[in-house]
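One structure is given below, encoded as structure tokens.
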């Protein structure tokens, strides 16, 4: 009987741990989800650029999913025109000035990716803190594509 109780307790602990791990992983977007959101964002910009940028800046509907959101900047001068709901301070600043906490100038890579032909998707890797107050650095990848006269991207944490 004691053996059955111990096996039951160990099984329950495993289920609780698996559920907690699954919930934690579910709080951040995946590469596939980021890629899909970028595809939708590029299509929205091509269909109605003004409406799309307003929607991105408001972080509405399908353009805000956990930590995933699109951002866009002018392919000509690098100035941000859409940044999602949590980075309004970046509007109007030059994407090329962005550096990660390790000093990597990933903004220049984002800008360079926007110079590629329409339809090309470039991955830019850098380190960044996750949302939620944790100060630890995590690898982040942003998919970037040219959309009309903009560079647009969606990033996810590895």
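Observations on the model:
- Cα shape, region 85-128, gyration tensor, a/c 1.5 rule: oblate
- Ranked by how many other beta carbons lie within 10 Å on average, peptides 143-150, 129-136 from highest: 143-150, 129-136
- Per the Debye formula on identical point scatterers at the alpha carbon atoms of region 28-157, with no solvent, log10 I(q)/I(0) at q = 0.11 Å⁻¹ is -0.32.
- Kirkwood-based shape ratio for region 23-104, expressed as Rg/Rh from alpha carbons: 0.98
- Contour excess over end-to-end distance, with Cα ends at residue 136 and residue 158 and 0.36 nm allotted per residue: 6.6 nm
- Computed E for residue 115/residue 62 - FRET, C-beta separation, R0 35 angstrom, nearest 0.05: 0.80
- Linear extension gain, residue 40 paired with residue 149, 0.36 nm per residue minus alpha-carbon span: 37.6 nm
- Applying 0.36 nm per residue to the separation of residue 27 and residue 77 and subtracting their alpha-carbon distance, the gain on full extension is 14.6 nm.
- Centre separation in Å (Cα based) which lies between region 26-67 and region 75-104: 17 Å
Here, each number is a calculation from the coordinates, and none is a lab measurement. Not measured: the values here are computed from a predicted model. Using ideal geometry, Cβ is built from the backbone for each residue, glycine included, and neighbour counts are taken over all protein chains shown.
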